[in-house]
Amino acid sequence: MPEQEFNTVFSKRLRFYLAKFEMTQIELAKKLGVGTTSVYNWCNGIKTPRMDKFDAMCDLFHCNRSDLIEEKPLGALTSRDERDIEKILDQTREQLISQEGLMFDGKPASPEAVESILSAMQIGMELAKKKNKEKYTPKKYKKG
């Protein structure tokens, strides 16, 4: 990806996360220990931060590097979202398998039935996360 295109995508994603966390450029500058001019330059695609500041932003916004540098449709699931969903599904799988007398469709639950339940849960959780991202994304970042 050419540098200018990278800067543009990064600046869009940074502005998205600032809005999502209701944080000003000044607040971000203070949290990162940089000047407001640096943050202004990042938000306007003029420059990109050093890697240590980049990583600090990822910690601050609870995201991965790829979430800050890849153009994604707003409302798309991040790798963190996918990990969170997988963690919940793993915990639920363990609970379902360890239960005595678990019934599914009037019969004792087979491993296939448990996987069927988990698949339905996964679809529901992904849809709910996407809907919430769309609902709570600031209007200025929505397409259309």
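The values are calculated or read from the model by the stated rules, or taken from the named source; none is laboratory data. Keep in mind that this is a model prediction, so the values were computed, not measured. Heads up, the Cβs are rebuilt from the backbone with ideal geometry, glycines too, and the neighbour counts pull from every protein chain shown. What goes into the accessible areas is simple: the full protein's heavy atoms, side chains included, and nothing from ligands, DNA or RNA. Shrake-Rupley method; radii C 1.70, N 1.55, O 1.52, S 1.80 Å.
Give the calculated FRET efficiency between Thr8 and Lys31 to the nearest 0.05, with a Förster radius of 41 Å applied to their Cβ-Cβ distance.
0.95
Quick one: with all protein chains in place, what share of the accessible area of the chain is carbon or sulfur, to the nearest percent (1.4 Å probe)?
Here carbon and sulfur together make up 52 percent of the probe-accessible area.
Please work out the FRET efficiency for the pair Glu100 and Lys130, using the Cβ-Cβ distance as r and a Förster radius of 30 Å; give the result to the nearest 0.05.
0.25
Treat every Asp and Glu Cβ in the chain as -1 and every Lys and Arg Cβ as +1, leave all other atoms uncharged, and give the resulting dipole magnitude about the Cα centre to the nearest 20 debye.
For this selection, approximately 1000 debye.
Would you mind checking the pairs Lys53/Lys130; Lys87/Lys133; Lys53/Lys133; Lys47/Lys87; Lys107/Lys131; Lys31/Lys135 and listing those with alpha carbons more than 30 angstrom apart?
The answer is Lys47/Lys87; Lys107/Lys131.
If the chain between Asp59 and Lys20 were fully stretched, how many nm would it gain, using 0.36 nm times the residue separation less the Cα-Cα distance?
The Asp59-Lys20 span can extend by a further 12.6 nm.
Relative contact order, percent, of the stretch 3-109 when contacts are C-alpha pairs under 8 Å separated by at least 6 residues?
The value is 25 percent.
Give me the 1.4 Å probe accessible area per residue for the stretch 16-137, excluding ligands and nucleic acids, in Å².
With the other protein chains kept in place, the stretch 16-137 gives 64 Å² per residue.
Can you tell me the mean projection area, over all orientations, of the convex hull of the stretch 1-112's alpha carbons? Units nm², please.
Computed as one quarter of the Cα hull surface, the answer is 10.1 nm².
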